[in-house]
Structure formats: structure tokens, C-alpha cells
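The values are calculated or read from the model by the stated rules, or taken from the named source; none is laboratory data. Everything quoted here is computed from the prediction, not taken from an experiment. Please note: Cβ atoms are built from the backbone with ideal geometry, for glycine as well, and neighbour counts cover all protein chains shown.
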Amino acid sequence: MFEIYALRNIFAIPDKLEIVLPHREGMDLTSDQTKEEYVDQELDAMRKKVLAVKAMNYKLKEEISRTDKCVKKLERWKERLSFLLTTAKHYNVSPVIDTVRLVTDQLLAIKRTTTNLQSQVDDEKLKQFAIISDERESFVSTMVLRQTEQMKMQQHEQ
């Protein structure tokens, strides 16, 4: 009996009783069509911005990937050509730095010249020339070593 009294009288909240929290007083919670349309337009604009940011993020990640590949390629070339400086220091050959600068400038000019062609040539066609490049590289390195040894011999004879 007490339970029924408590449920009906103490814990019962009338349907028409409006309970407003203090921080919600004075707020207009009714919605009309113009507000809904405005909110829909804002949502569409925000969705477009999110899609644009995602697209930019994708492009940036692709560019990072391309840049990383380029850095790795340049590091490999640096390792391949590092023997020039170490050999020059070892045999005390002075004009190598100037020669390396000249070669670097020429390589940059070649790079600028071949940039347009690179997009037109298929990568598969270039792979057959990679073997030739490795043979040339070994030939050039042996010739440079021979030249530096000859210069060292000439310096010792004098």
C-alpha cells in the first residue's frame, strides 16, 4: 500500500509540468523550416570542406611518398659517388672538389633536360639500360682509381 501511494503521489510527475534547468532558461527550443534549411546548408558546406581536406591529405601523403623515394634514390647516388671524395683525400688530389662541383652542375642540367622525357618513357624500357649503367659505373670507378694512383706515383717521383 505504501508503495502504491509513493509511486502515485511522491514519484509521479504530471505530464503538463515543465521542468527547465537553470542553464536552459530563456532558450528557444522550437525549430522552424528556415533554421533547418540553414543548418542543412551548413552541414553540406562542412561535408564539402571535410572531403576537400581528405583529398588534400591524400595528395600530401602521395607527395611524401614520392619525396621519400627521391631521397632514397639520392642517398644511393651519394653512396655510389662517395668514393670520389674519399679517394681524393686519401691520395691528396686537390682539384677533385672543383671537378665534383662541375659534374654536379652538369648532372643538374641533364636532369632538367630529361625531366620532360621521363614522363613519356615507360619504366620497363629503362630497366634494360640499368645493367649497362652498372657496368659503366664500375668502369668509371676503376678508371678514376687508376688515374689517382698514377697521379700519386707521379707526385712520389718528383
Scan segment 91-117 residue by residue and report those that are of a type in the set (S, T, N, Q), under 16 Å from residue 77 (Cβ atoms) and at pLDDT below 80. 114
Could you tell me whether segment 53-74 includes any residue that is within 24 Å of the chain's Cα centre (by Cα) and closer than 30 Å to residue 146 by Cβ? yes
Take residue 87 and tell me if it is in a helix (DSSP H, G or I) and modelled with pLDDT under 85. yes
Residue that is farthest from residue 138 (Cα to Cα) [pool: residues in segment 66-92 that are free of Cβ contacts under 8 Å to residues at least 40 places away in the same chain and hydroxyl-bearing (Ser, Thr, Tyr)]: 67
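Each row is one residue, and each column tells you yes or no for (1) under 30 Å from residue 138 (Cβ atoms); (2) surrounded by 10 or more Cβ atoms within 10 Å (Cβ to Cβ); (3) modelled with pLDDT of 85 or more.
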residue: 9; (1), (2), (3): no, no, no
residue: 14; (1), (2), (3): no, no, no
residue: 21; (1), (2), (3): no, no, yes
residue: 29; (1), (2), (3): no, no, no
residue: 54; (1), (2), (3): no, yes, yes
